[in-house]
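Everything on this sheet refers to the single structure shown next.
The values are calculated or read from the model by the stated rules, or taken from the named source; none is laboratory data. What you are looking at is a predicted structure, and each value in this text was computed from that prediction instead of being measured. So basically every Cβ, Gly included, is an ideal-geometry build from the backbone, and we count neighbours across all protein chains shown. Areas reflect the complete protein model, heavy atoms only, side chains present, ligands, DNA and RNA absent. Shrake-Rupley method; radii C 1.70, N 1.55, O 1.52, S 1.80 Å.
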Amino acid sequence: QVQLVESGGGLVQAGGSVRLSCAASGRAFSTYVMGWFRQAPGKEREFVAAISGSSTNTNYADSIKGRFTISRDNGKNTAYLQLSSLKPEDTAVYYCAASRRYSRTSTAYDYWGQGSQVTVSS
C-alpha cells in the first residue's frame, strides 16, 4: 500500500513557475514508476509526465515538453513536478500517481494523490 500526499500549487501568473511535490508513505518507493496527470474543468484527465524508479527514464506529454520537469528523490520518498513558463491553459488539478508499470495511461496507476490546484492567470 502506498499513500501519496501532494503539496505546492496555487495561483501563479502566466510565465511563472511553481513546483509540486508528492510525498509517498509505505515501502519500496524506488520500485514504483511515478506519474503526474492533470484534469482541467470539463476535460478528461490527461498524462503529463512519468519517471522510472531509478530516474533513468522520463516521458512527457508534447503539450508541456520543455516547460515541465519531473524528478524524484528516493531518499526522501518524494516525486516532484517543476512547472515553468506557465500558460493559462495549464490551469488544472494536478495529480501524482504510482504504478508498477512505466505507462502514460492512467489506468496503469494504482495509487493516487489527492490533487493539487494550479491556476495560471493571464
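Among the residues of the stretch 77-122, the ones that are in a strand (DSSP E or B) and closer than 17 Å to residue 22 by Cβ come to 19 in all.
Looking at 116, 54, 63, which one is in contact with a strand residue (DSSP E or B) (Cβ under 7 Å, 6 or more places away or on another chain) and small (Gly, Ala, Ser)? It is 116.
Reported count of residues in the stretch 18-38, each being within 16 Å of residue 89 (Cβ to Cβ) and surrounded by fewer than 21 Cβ atoms within 10 Å (Cβ to Cβ), is 1. Of the residues examined, residue 122 is one that is modelled with pLDDT under 95 and surrounded by fewer than 16 Cβ atoms within 10 Å (Cβ to Cβ). Tell me which residues, restricted to the stretch 39-56, are over 15 Å from residue 93 (Cβ atoms), open to solvent by less than 80 Å² (accessible area, probe 1.4 Å) and of a type outside the set (A, V, I, L, M, F, W, C). Of everything in the stretch 39-56, those that are over 15 Å from residue 93 (Cβ atoms), open to solvent by less than 80 Å² (accessible area, probe 1.4 Å) and of a type outside the set (A, V, I, L, M, F, W, C) turn out to be 52, 53, 55.
Here's a check for you: in the stretch 26-75, which residue that is in a strand (DSSP E or B) and small (Gly, Ala, Ser) is farthest from residue 111 (Cα to Cα)? Quick ask: steps written out before the conclusion?
Looking only at the stretch 26-75, we keep the residues that are in a strand (DSSP E or B), and these are 33-39, 46-51, 58-60, 68-73.
Checking which are small (Gly, Ala, Ser) leaves us with 35, 49-50, 71.
Details: 35: 10, 49: 16, 50: 14, 71: 18 Å.
Among those that are in a strand (DSSP E or B) and small (Gly, Ala, Ser), it is 71.
Return yes when residue 15 is touching a residue at least 40 places away in the same chain (Cβ under 8 Å), assigned to a loop (DSSP other than H, G, I, E, B) and open to solvent by 50 Å² or more (accessible area, probe 1.4 Å) and no when it is not. Answer is yes for this residue.
Scanning the stretch 59-101 for residues that are under 14 Å from the mean Cα position of the chain (by Cα), in contact (Cβ under 8 Å) with a residue 60 or more places away in the chain and open to solvent by 10 Å² or more (accessible area, probe 1.4 Å) turns up 80, 82, 84, 95.
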